[in-house]
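Encoded as structure tokens, the structure appears first; notes follow it.
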Amino acid sequence: MSNTPSTIYLKDYTPPAYLVDSVALDIAIHVGFAFVSSRLTMRRNPAGADAALVLNGEDLQLESLKLDGRTLGANDFLYADDLLTIHQAPEAFLLETVVRIEPDQNTQLSGLYRSKDGYFTQCEAQGFRRITFYPDRPDVLAKFECTLHADKTAFPILLANGNPVASGSEDDNRHWATWEDPFAKPAYLFACVAAKLDVIEDHYVTSSGRRVRCAVYVEPGKLDQCDHAIAALKKSMKWDEDVFGLEMDLDHYMIVAVGDFNMGAMENKGLNIFNTKYVLARPDTATDTDYQNIDRVVAHEYFHNWTGNRVTCRDWFQLSLKEGLTVFRDQQFGMDVHSAGVTRIQEVRTLRAAQFPEDAGPMAHPIRPESYAEINNFYTATVYEKGAEVIRMIHTLIGKDAFRKGMDLYFARHDGQAVTCEDFVAAMQDASGLDLTQFKRWYSQAGTPRLVVRSRFDAATRRYTLEVEQVFAHTPYEDRMAADGLPQARGPYHLPIVLGLLDADGRELPLQLVGESNATGSQRTLQLREAQQTFIFENIDAEPVPSLLRGFSAPVVLDYPYSTADLVHLMAYDRDAVNRWEAGQRLATDILLAGVTAFQQGTGETTGWIPQDYILAMARLLGAAFVEGGGPALVAEALVLPSENVLAEQMGVVDPDAIHAARLALRRTLARELREPLLAAYFELKDEAPYSPEGAQAGKRALRNACLGYLAELNELSAQALVIGHFETAGNMTDSIAALAAVANLDIPARHALLDSFYSKWRDEALVVDKWLQVQATSRLPGTTQDVRALMAHESFDIRNPNKVYSLLRAFCAANPQHFHAADGSGYKLAADVILQLDPLNPQVASRIARTFDRWKKFDPVRQRQARAQLERIRAQENLSSDVAEVVGKALD
Ligand code: TRP
Ligand code: ZN
């Protein structure tokens, strides 16, 4: 069965049979093809198995193969099924290969590929084998040297990892350059570029005095969009020195932006390659969110230089070793350079929107899975975001200082090595003295646990008791493991519960657990280890309201029977920004689920399900925006209702129409009831200062645009005029796109005109066109599905460009549930058509679209039948990629 990809298991790991000490590559780029010559200095691994010499190679045309200078004949080797086996290899030798590849035909964007301005590489996870024959696994570390040759006029810039060592001219208007990377690295961190690019240069002097040249290379004509990225890089360098004592270790740090890229960016040693989306920004082309994302992605890739590159992964099952840790580091950076509360709230929102459904769906896996069919499918919210939460829990449990000691110990022990998640946890355990044996369950168990918390207050003894129970979700992962003969022993997690108790006036109570001689502060970190555990607080005069899991201290679902009054109280008084926000989200969720039921019963429109208390609480919140420092940004977050997808996760059988109707009715009601304060805030928040993406100004804009969004829900000409005016007078992209997104939901004559004028203004800025596609793909108007189909034929759309596919189609499937899950199956049909068209071109991107089917079994029988039909149709396709086959196969299982 060609469509059943084979499974790879962690338990089958064996050390490499051969090691590579050094690699010398020579890549000659010609019109339509390239020759890659490699010289590998290899030797048998003393710690390896006595196995044959096997190299990976994919889509390579072998031109020549020599061992210690002798050309190998047909009987000396076998190249089949993407493996090159050399039958007899000595203990140590030089292996020389020449292959021909066709980068212009490489639509997968893995390996060496052509994009508009030249040639670029992407080698993680397994792209290097598409460039040359190599033992392509992260535990083979070698020193690399790379020489590039290309046409001087068409591709004036020639780059590779490390330092430039020599360059020169050749016949036929060609030139060459040699780069040498002083650090041994796995092949997935190799990169090279031959292109026509502009460069902006700056420098950073490290704490020990190394002068690092920082360079950002972009498409010609875009230098005016690079300032923010370079500033973000220098900020990141400083932060990693200040917080972790980690310095840049090379003289050159280069970032190259490319418009065709499957993911966000890539941490290749000294030569990061970035999606343009995370480099280019100008006030009139990029939003505040874009600016923030650039900070975070630049920091993320920079931080990988230590967590990922200096210490790398033994095998791809350990991916979270570098990704979870590096996301945690970029999150901490984000909290330090932006508002900590807002940053954390946004992370919690993403985790719930993307990771919780993944953990509850067919692709559920622990942050370190035991098996996979296609590694590219495991660059997931679980490995990244939940992985970061797991690191954050260690940080919370042992504290900041012990965490720093643990990091120091990790680098002292493992610099230059390829290691496992256990090695990381061991360093944290040894540095802190806290036994993390039980904690390691977070690495092996899938699913989001529920914490069921119940409280009791006893006035006579003045005691307040919290009973906590852990309930584990069963996931298809356990079934798969059991079927594979790898049954999972499951047990309770070790996790931190950060909490406070609020009295009736909103004051924090001093916390004293039974057995303690006095209170130690008003916020505590409790360590939960048991499946059922009780915590008793003494000297409590009246029943408090508990503020649990402050800062979202563990990635769990909290089940506590809060009353509306409790939640209103927390919204007003909790000193923890995350829990203030969380209280509002819980209240809105309760109300919206009641609204869903009302709509299902035909009484939704009466809005009798919306309590006046909630409207008053929201009004109070809006008022508070002007009194507290840093308030507007947090209030803007509080105004965002739980998304339709997050609400869907709360339901037994999802009813996307009722969810949409209830959420819209609540937005309209809030707009009507808060009309005056929304308008007042809108006018008050107008800022005449020159644009800056910094926190304070961006926060005001976020709140002002949130108010505008609500006002746009009023079915009034004056409100529509306000939105149109906002669009026409916008001085930056944040305001402009906020208005356009609002208008895209309105069936008014101006809609077309605004969309058209936006497009004609920005048709030459690819990233802005992406936004234009996205607002249309996420429109709630009827006919959106047909509009998306029509846009696929628009001149601006190109199915070969991942950013275009993500903006138009992933946005439609993942962020427009009402239309994607249309009962007539039209949304599913569109998605399947795209997946089938895309799979032969770019399986990684096709597979990401296929993931949007994940939750199909949560819907009613009519929708399930529609979804199943499309999934079966995809599965039946001949030569389906392993990427899509794994996702669709698991969804149908
Ligand atoms: N290591 C990259 C990051 O998280 C991820 C990445 C970039 C990637 N491009 C990729 C993963 C292509 C798989 C395929 O920073
Ligand atoms: Zn990463």
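The values are calculated or read from the model by the stated rules, or taken from the named source; none is laboratory data. Since this is a predicted model, take the numbers as computed values, not measurements. Methodologically, a virtual Cβ is constructed for each residue, glycine included, from the backbone with ideal geometry; neighbour enumeration extends over all protein chains shown.
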Residue under question is Gly387, and the condition is that it be in contact with a Lys or Arg (Cβ under 9 Å, 6 or more places away or on another chain), of a type outside the set (A, V, I, L, M, F, W, C), within 16 Å of ligand 2 (Cβ to nearest atom) and at pLDDT 95 or above; does it hold?
yes
Would you mind finding the one in Ala364, Ala381 that is within 15 Å of Pro555 (Cβ to Cβ), at pLDDT 95 or above and within 15 Å of ligand 1 (Cβ to nearest atom)?
Ala381
Asp249: passes all of (1) away from ligand 1 (no atom under 12 Å from the Cβ); (2) touching a Pro at 6+ places or on another chain (Cβ under 7 Å); (3) part of a loop (DSSP other than H, G, I, E, B) but (2)
Matching residues in segment 526-554 - criterion: being closer than 20 Å to Leu436 by Cβ and not aliphatic (A, V, I, L, M):
Gln527, Arg529, Glu530, Gln533, Ser553
Can you tell me which residue within segment 468-522, out of those that are among the β-branched types (Val, Ile, Thr) and out of contact with any strand residue (DSSP E or B) (no Cβ under 8 Å at 6 or more places or on another chain), is nearest to Arg550 (Cα to Cα)?
Thr520
So, in segment 77-110, exactly how many residues are in contact with a strand residue (DSSP E or B) (Cβ under 9 Å, 6 or more places away or on another chain) and either within 22 Å of Asp21 (Cα to Cα) or of a type in the set (A, V, I, L, M, F, W, C) (or both)?
21
Would you check if Leu722 is of a type outside the set (Gly, Ala, Ser), within 26 Å of the chain's Cα centre (by Cα) and at pLDDT 95 or above?
no
What is the number of the single condition among (1) buried (at least 19 other Cβ atoms within 10 Å of the Cβ); (2) without any contact (Cβ under 8 Å) to a residue 60 or more places away in the chain; (3) not hydroxyl-bearing (Ser, Thr, Tyr) that His494 does not meet?
(2)
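Any residue in segment 262-277 that is more than 16 Å from ligand 1 (Cβ to nearest atom) and not basic (Lys, Arg)?
Applying the first criterion (more than 16 Å from ligand 1 (Cβ to nearest atom)) to segment 262-277 yields none.
Checked segment 262-277: no residue is more than 16 Å from ligand 1 (Cβ to nearest atom) and not basic (Lys, Arg).
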(1) under 26 Å from Asp181 (Cβ atoms); (2) assigned to a loop (DSSP other than H, G, I, E, B) all hold for Lys66 apart from (2)
Please indicate, with yes or no, whether at least one residue in segment 272-287 is within 16 Å of ligand 2 (Cβ to nearest atom), in a helix (DSSP H, G or I), buried (at least 22 other Cβ atoms within 10 Å of the Cβ) and touching a residue at least 60 places away in the same chain (Cβ under 8 Å).
yes
Can you pull out every residue in segment 525-544 that is in contact with a Phe, Trp or Tyr (Cβ under 9 Å, 6 or more places away or on another chain), farther than 18 Å from Pro449 by Cα and of a type in the set (D, E, K, R)?
Glu538, Glu543
Residue check: is Val568 in a helix (DSSP H, G or I), more than 16 Å from His494 (Cα to Cα), in contact (Cβ under 8 Å) with a residue 24 or more places away in the chain and over 29 Å from the mean Cα position of the chain (by Cα)?
yes
Working only within segment 166-222, note down all residues that are touching a His at 6+ places or on another chain (Cβ under 8 Å) and of a type in the set (Ser, Thr, Tyr).
Ser167, Ser169
Give me the residue from segment 518-551 that is of a type outside the set (Val, Ile, Thr) and at pLDDT below 95 and, out of that set, nearest to Leu495 (Cα to Cα).
Gly521
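In this structure, does Gly485 turn out to be assigned to a loop (DSSP other than H, G, I, E, B), in contact with a helix residue (DSSP H, G or I) (Cβ under 9 Å, 6 or more places away or on another chain) and surrounded by fewer than 16 Cβ atoms within 10 Å (Cβ to Cβ)?
Working: assigned to a loop (DSSP other than H, G, I, E, B): yes; in contact with a helix residue (DSSP H, G or I) (Cβ under 9 Å, 6 or more places away or on another chain): no; surrounded by fewer than 16 Cβ atoms within 10 Å (Cβ to Cβ): yes.
Spelling it out, it is not the case that Gly485 is assigned to a loop (DSSP other than H, G, I, E, B), in contact with a helix residue (DSSP H, G or I) (Cβ under 9 Å, 6 or more places away or on another chain) and surrounded by fewer than 16 Cβ atoms within 10 Å (Cβ to Cβ).
Listed residues Asp284, Asp295; which is of a type outside the set (A, V, I, L, M) and under 18 Å from the mean Cα position of the chain (by Cα)?
Asp295
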Subset of segment 304-361, residues assigned to a helix (DSSP H, G or I), closer than 17 Å to Ile294 by Cβ and within 13 Å of ligand 2 (Cβ to nearest atom), comes to Thr326, Val327, Arg329, Asp330, Gln331
Residues of segment 651-684 being in contact (Cβ under 8 Å) with a residue 12 or more places away in the chain and of a type in the set (Phe, Trp, Tyr), in sequence order, are Tyr682
Please specify each residue of segment 457-482 satisfying the condition of being exposed (fewer than 13 other Cβ atoms within 10 Å of the Cβ) and small (Gly, Ala, Ser).
Ala459, Ala460, Ala482
If we keep only residues of segment 367-378 that are within 18 Å of Gly264 (Cβ to Cβ) and either of a type in the set (S, T, N, Q) or part of a strand (DSSP E or B) (or both), then the residue farthest from ligand 1 (Cβ to nearest atom) is Asn377
